[in-house]
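Notes follow the structure.
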Amino acid sequence: MSNRSPIETQLTENRTFPAPAAADVGFPRWHIGSEAEYLEQHRRSIEDPAGFYGDVAKELNWFEPWREICSWELPDARWFDGAVTNLCHNAVDRHVDAGHGDATALIWEGEPVDADSGAEQRSLTYAELKAETARFANVLDSQGVKKGDVVTIYMGMVPELAIAVLACARIGAPHSVIFGGFSAQSIADRVIDAKSSVVLTCDGGWRRGKIVPLKDNVDEACAKLADGPNAVERVIVFARTKHAVEWDDLRDRDWAELCLHVGTERAPEPMAAEDPLFLLYTSGSTGKPKGILHTTAGYMVHAYLTAKLTFNLIPDDNQVFWCTADVGWITGHTYILYGVLANRVPTLMYEGAPDSPDPKRFWDICERHAVTQFYTAPTAIRAFMKWGDEHPAAHDLSKLRLLGTVGEPINPEAWIWYRRVIGRDLLPIVDTWWQTETGGHMLTPLPGVTATKPGSCSTPMLGVDAAVVDPETGEELPANQGGVLVVRKPWPGMLRGIYGDRQRFIDTYWDADNDYYITGDGARRDADGDFWIMGRTDDVINVSGHRIGTMEVESALVSHPDVVEAAVVGMPHEIKGTGIAAFCTLTNAAAGKSLDEVAKSLRAHVTAEIGAFAKPDALRFAAGLPKTRSGKIMRRLLRDVAAGAKETSQDTTTLEDRGVLGELLSAEAH
Ligand code: WT7
């Protein structure tokens, strides 16, 4: 594949870009530098996983060796059974022990920019990160947190968030990080599900010059839980914005104050390979988010290996890796923190929005910190395109060596723009396909190997046996036929369960008749064997790279007093990729109200129930929803309407009441 020359045609499907030579983009070498090498290593990883992963794992530290690399009894995989290790030790202490305490681990930049002094910046070496992490681990100890207790983390993007996550891993208390965009209700739901009694938060976070009221949201969540069995016992508050917040003397503690009373030594807890490492809630087909469970050793090895290979991470090579995701999502867990730190490459963490104070901000950061690998989402790339080429052009981006994308399919136009404007028409782009459930990359180009195609996430990572199968028969499909994407062999970073819901774990991901993991995505493979993701096959939509269950939004809508019934589907959106279109039937009492007012109230309600990012982009009202005679909502019809169709090409013969369709097609979007 890598010998093909770029075909400069506008026929999107045919353009390919061969992997550049390492030296041409500024790397001393590629970890994997030829297709033959990739194929050989991939073959070995599948045929001899014990040999392959054994070699990878030897690059990390183990307190006790494993007995067995992998045991697999569908749907349960165990990796590195018998081994004892600690991920915080491997991501931090290991480097200090090896004499790299002075190397930079974390570079942080705050959002506010001061006219005189510029942006607030902090940088921590591995020795400092170790001391701060051990200190906060001692704080957690002092507050009664024990190995196995779930700690909820709802913070902005500040270094203390990284420290908190690592401290949890250090003491073996699984973390459950909740993205700061979620509402009080969402915090409460997750605290209950995880049976967590300790919450770490900030007074506020900076976002586009405004304060996100993190502590207020936690207070509200605590109030909802106060009288139930899941009352929050302790809230530890890091003062970031330093504005006035409510304080409950019994429950709340000041972060810095607690740190004064403890030391900076705390040994990493010896963790069994399959001890829980973290929970991360994500959306599924039903209304309730699921707590994806990851365990220690397998996730560690997967995060380490994939970060290393996909981004060509090499220590002592002047690399600065920047993943623009939030630590509240899996991307931030694996590729801001664990995977990058484990490879001893400095990781950059930025607090705020890409256009604050202006649309040059990201490029300004890239230039000032000499960012070498840059990893972002297609939705951000589309926004950069819209803001204009002059913003990146105003900065020196010549230190960049590699670009990455994640979270949703990237449209070829955005891919080409990314390569041309940010990548100097030269840099490799790794379009990484993976999920909260997979822990790390599953399908991705390798920068020194793959001839990339705009919009294709290319080939399987080492150790990954992916296929596109017929959903009915389970048979692998021939080239260019769309089917469902599955993974046929266990991989170390795979989820080990849905917290507290064994049956949902089995029902969602495992088909009893076939021994493979069902991803929930549709895909096809082209004649070269490259994968193209075609979108979700379940009732999940991908909005700006964030997964939202349509049913979650529907439940939020119908819990509003004006709404009788609601249906939510995805609609094409210029920046978000997919936007949220909602269709509602109102109560008779509400029918007389101004629809703009109702729409406003519904958006506020969804914001309160889930978070602002789940607000419908378009709301339409009708006397009924289109249903089949058996009462099933015809979503494909709604998708047509949401996409702006004025008539439908769908088969409507099963529609119960055709009048409803006419009403919807002419309904105005609010
Ligand atoms: C879903 C997982 C993985 C981190 C961020 C999202 C979609 C993810 C790609 C890609 C096409 C992608 C899939 C997947 N997705 N990466 N490179 N190309 N689609 O994690 O919230 O667990 O969502 O995101 O639909 O199933 P997540």
- Item | Euclidean distance between Cα centres, segment 584-643 to segment 522-581, Å | 15
- Query: Which aspartates and glutamates have a Cα less than 19 Å from the Cα of Lys195, not counting those fewer than 8 places away in the same chain?
  - Reply: Asp141, Asp149, Asp219, Glu220, Asp227, Glu233, Asp252, Asp275, Asp501
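Can you give the convex hull volume per residue for the Cα atoms of segment 477-548, as a whole number of Å³?
Working: hull volume 9.0 nm³, N = 72.
In segment 477-548, the Cα hull volume divided by residue count equals 126 Å³.
With the cut-off at 23 Å, tell me which of the pairs Lys146/Lys288; Lys360/Lys386; Lys290/Lys615; Lys224/Lys593; Lys453/Lys615 have Cα atoms farther apart than that.
On the way: Lys146/Lys288 27 Å; Lys360/Lys386 13 Å; Lys290/Lys615 20 Å; Lys224/Lys593 30 Å; Lys453/Lys615 33 Å.
Beyond 23 Å between Cα atoms: Lys146/Lys288; Lys224/Lys593; Lys453/Lys615.
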- Message: What is the distance in Å between the Cα centroid of segment 136-212 and that of segment 9-79?
- Response: 32
- Message: Under 8 Å for C-alpha pairs, at least 6 residues apart: give me the relative contact order for the chain, rounded to a whole percent.
- Response: 13
- Message: If the reach is capped at under 16 angstrom between alpha carbons, list the lysines near Lys58, excluding any in the same chain fewer than eight residues apart.
- Response: Lys308
- Item | Unit charges on C-beta of K, R, D, E only; dipole of segment 58-217, Debye | 300
- Message: Using the Karplus curve 6.51 cos²θ - 1.76 cosθ + 1.60 with θ = phi - 60°, what ³J(HN,Hα) values do you get for each residue of segment 612-621, in whole Hz, with x for Gly and Pro?
- Response: 4, 5, 9, 4, x, 7, 9, 10, 10, 10
- Which listed residue (Leu403, Val158, Thr379) has the Cα farthest towards the positive end of the charge dipole for the chain, taking +1 on Lys and Arg C-beta and -1 on Asp and Glu C-beta about the Cα centre? Thr379
- Item | segment 309-341 and segment 457-502: distance between their alpha carbon centers, rounded to Å | 25
- Query: Listed highest first by mean packing, meaning other Cβ atoms within 10 Å per residue, what order do 53-59, 181-187 come in?
  - Reply: 181-187, 53-59
- Task: Extending each Cα 7 Å along its Cβ direction at Ala231 and Trp387, get the distance between those two points in nm, one decimal.
- Result: 4.6
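Considering every pair of different Cα atoms, what Kirkwood radius, in Å, is found for the chain? Show your work: numbers first, answer last.
On the way: mean 1/r = 0.0387 Å⁻¹.
About 25.8 Å, per the Kirkwood formula over Cα pairs.
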- Item | Rounded to whole Hz, the Karplus (6.51, -1.76, 1.60) HN-Hα couplings of segment 292-305, x for glycine and proline | 6, 9, 10, 10, 6, 6, x, 4, 4, 5, 5, 4, 5, 5
- Query: Quick one: of the DSSP bridges fully inside the chain, what percent are antiparallel, nearest 5?
  - Reply: 60
- Task: Read phi for every residue in segment 522-538 and hand back ³J(HN,Hα) as whole Hz from Karplus 6.51 cos²θ - 1.76 cosθ + 1.60, θ = phi - 60°, with x for Gly and Pro.
- Result: x, 7, 9, 10, 8, 5, 7, x, 7, 8, 10, 7, 10, x, 6, 9, 10
- Dividing the alpha-carbon Rg of segment 94-138 by 2.2 N^0.38 Å yields what? 1.44
- What span do the alpha-carbon atoms of segment 302-374 cover on each of the three principal axes, reported in whole Å from largest to smallest? 36, 27, 15
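Give me the net charge for the shell around His441: Cβ to Cβ below 12 angstrom, other residues only, Lys and Arg +1, Asp and Glu -1. List each step's numbers first, then the result.
Numbers: positive: Lys308; negative: Asp431.
Charge balance in the 12 Å sphere: 0.
The numbers here are math on the coordinates, done by the rules we state, and not lab data. None of the values given here were measured: they were computed from a predicted structure. Neighbour counts run over all protein chains shown; Cβ positions are idealised from the backbone, glycine included.
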